[in-house]
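Comments concern the structure below.
Coordinate-derived values only; no laboratory data. These numbers come from a predicted model, not from an experiment. We place every Cβ from the backbone using ideal geometry, glycine too, and count neighbours over all the protein chains shown.
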Amino acid sequence: MKGIICAEVERFEWTESLPEPVLEAGHAIVSIKRIGICGTDLHAFKGNQPFFSYPRILGHELAGIIEGIGYNEQGLTVGDQVSIIPYVHCGVCIACRSGKTNCCTDMSVLGVHRDGGMRERISVPVACLLSANGLTLDQTAVLEPLAIGAHAVRRSGLAAGETALVIGGGPIGLGVMAIAKHIGAKVIAMDISGDRLSFCEQWAGTDALVNALQDEPVQRIMDACGGELPTVVFDATGNARSMGDSFRYVAHGGRLVFVGLVKADITFNDPEFHKRELTLMASRNATREDFDTVLEALSAGSIDVNRYITHRAPLAEMIEQFQGWLKPESRVIKAMVEL
Ligand SMILES: NC(=O)c1ccc[n+]([C@@H]2O[C@H](COP(=O)([O-])OP(=O)(O)OC[C@H]3O[C@@H](n4cnc5c(N)ncnc54)[C@H](O)[C@@H]3O)[C@@H](O)[C@H]2O)c1
Ligand SMILES: [Zn+2]
Ligand SMILES: [Zn+2]
């Protein structure tokens, strides 16, 4: 079957001779229809994804149709449209036992630690499937990146009527904003890019915008928040400086959630942390419950997937299009590969 292998850093390989998956107990064969591309794929291609080994088939934002499946408790059958939850977890470690399958100690992510879905068919554990009949294929494929945002929002305990500051208006931060708005929170978007800020306003319907490059960000956040600081702050920048600064943007008694991650140490001023009695959290991946939250928001029409997907290519043209998606001037939010 056809597929694309990331053979080594900066080299994709088109192949028509990938082995066909064989149906095994507890697994399903899914015919892949959509593959969303994100920062993880771009970093894997550029060689700056830590713990990545080549050759690897990328693709972890997946929508498809079940082609083969045995008896299963979810009642899924051949022909069902599904989203694939790409975080294959062990089910027995301390995190899995407490329901935190998103941070399993033995996590193996499709398209990262094991081969993903950039091919015609894939075999996946039935436990990774989520029924998405009724959604479009595009909606089904963006469940994963948006579920990252839903997980961060759930972890923060953000409630309707509360104000959240979301720093970073990339595909991940936009998901946080969309879900925060969906549950009835007020959202302030912060970024260093005017383009990204306008997209936050137009697409996520954010209530206020703050450019992080301008002076006195704390004052401007307070102004946007009726004179007080927001009770919840999400950092989705992947920028260590921003993450360090973000401690100053949270109200006393508030919560700070690091959705973005960096391969660096984050330093902060303890008095700023302590006097606020801040709660600092990391947010990693998502669980089935978070996928369900996004599914519900999509079904309710709260999220405009057509504008979130800014670029498209058929599988056979992905290799040539990919270089363009790496360039900031292409203004990619989400690129989608179609089969
Ligand atoms: N929690 C998870 O499981 C998970 C999953 C996927 C990605 N991520 C991480 O989320 C982060 C964001 O991902 P993305 O794909 O949206 O990235 P992105 O690079 O597309 O977006 C980041 C945004 O942050 C803005 N930014 C950068 N520095 C800033 C600063 N100092 N102040 C304000 N804004 C700033 C950029 O202009 C950009 O709009 C990355 O660190 C990524 O690794 C986390
Ligand atoms: Zn992704
Ligand atoms: Zn586990």
Fill in: Residues that are touching a Gly at 6+ places or on another chain (Cβ under 7 Å) and away from ligand 2 (no atom under 13 Å from the Cβ), drawn from segment 34-53
none
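So that you can scan it fast, the table gives a plain yes or no per residue for (1) within 16 Å of ligand 3 (Cβ to nearest atom); (2) of a type outside the set (S, T, N, Q); (3) surrounded by fewer than 24 Cβ atoms within 10 Å (Cβ to Cβ):
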| residue | (1), (2), (3) |
| --- | --- |
| Ile167 | no, yes, no |
| Ile183 | no, yes, yes |
| Asp195 | no, yes, yes |
| Ser198 | no, no, yes |
| Glu201 | no, yes, yes |
Worksheet item: For segment 305-339, how many residues meet the condition of being among the polar types (S, T, N, Q), surrounded by fewer than 16 Cβ atoms within 10 Å (Cβ to Cβ) and over 22 Å from Ala147 (Cβ atoms)?
Response: 2
Discussion item. For a quick check of your reading of the model, give me the residue pairs whose first member lies in segment 68-80 and is free of Cβ contacts under 8 Å to residues at least 24 places away in the same chain and more than 15 Å from His27 (Cβ to Cβ), whose second is among the aliphatic types (A, V, I, L, M) and surrounded by 14 or more Cβ atoms within 10 Å (Cβ to Cβ), with beta-carbon atoms closer than 7 Å and at least 6 apart or on different chains.
Written reply: Gly79/Ile65; Gly79/Ile66
Worksheet item: Quick check, is Asp290 more than 12 Å from ligand 1 (Cβ to nearest atom) and either of a type in the set (D, E, K, R) or within 21 Å of Thr40 (Cα to Cα) (or both)?
Response: no
Discussion item. Whether any residue in segment 68-80 is touching a Pro at 6+ places or on another chain (Cβ under 9 Å) and away from ligand 1 (no atom under 16 Å from the Cβ) is what I want to check.
Written reply: yes
Worksheet, complete the sentence: Residue pairs qualifying under the 6 Å Cβ cut-off, at least six apart or on distinct chains, with the first in segment 280-296 being closer than 12 Å to Arg155 by Cβ and the second being in a loop (DSSP other than H, G, I, E, B) and not aromatic (Phe, Trp, Tyr), are Ser283/Val259
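With the requirement that a residue be over 23 Å from Arg307 (Cα atoms) and in contact with a strand residue (DSSP E or B) (Cβ under 8 Å, 6 or more places away or on another chain), what does segment 192-225 give you? Show your work before the answer.
If we filter segment 192-225 for residues that are over 23 Å from Arg307 (Cα atoms), which is where we start, we get 212-225.
Ala212, Pro217, Arg220, Ile221, Ala224, Cys225 - these are the residues of segment 192-225 that are over 23 Å from Arg307 (Cα atoms) and in contact with a strand residue (DSSP E or B) (Cβ under 8 Å, 6 or more places away or on another chain).
How about segment 286-304: which of its residues are in contact with an Asp or Glu (Cβ under 9 Å, 6 or more places away or on another chain) and surrounded by fewer than 19 Cβ atoms within 10 Å (Cβ to Cβ)? Show your work before the answer.
Taking segment 286-304 and keeping what is in contact with an Asp or Glu (Cβ under 9 Å, 6 or more places away or on another chain), we get 286, 291, 294, 302.
Once the filter is applied, which keeps residues that are in contact with an Asp or Glu (Cβ under 9 Å, 6 or more places away or on another chain) and surrounded by fewer than 19 Cβ atoms within 10 Å (Cβ to Cβ), segment 286-304 yields only Ser302.
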Fill in: Filtered residues of segment 115-142 (kept if farther than 13 Å from Cys38 by Cβ and under 15 Å from the mean Cα position of the chain (by Cα))
Asp138, Gln139, Thr140
Discussion item. Any residue at all in segment 105-117 that's within 16 Å of ligand 3 (Cβ to nearest atom), among the β-branched types (Val, Ile, Thr) and in contact with a Gly (Cβ under 9 Å, 6 or more places away or on another chain)?
Written reply: yes
Worksheet entry | Among (1) touching a residue at least 60 places away in the same chain (Cβ under 8 Å); (2) within 29 Å of Pro328 (Cα to Cα); (3) surrounded by fewer than 24 Cβ atoms within 10 Å (Cβ to Cβ) - the single one Glu162 does not satisfy | (2)
Worksheet, complete the sentence: (1) closer than 23 Å to Pro217 by Cβ; (2) without any contact (Cβ under 8 Å) to a residue 12 or more places away in the chain all hold for Ala180 apart from (2)
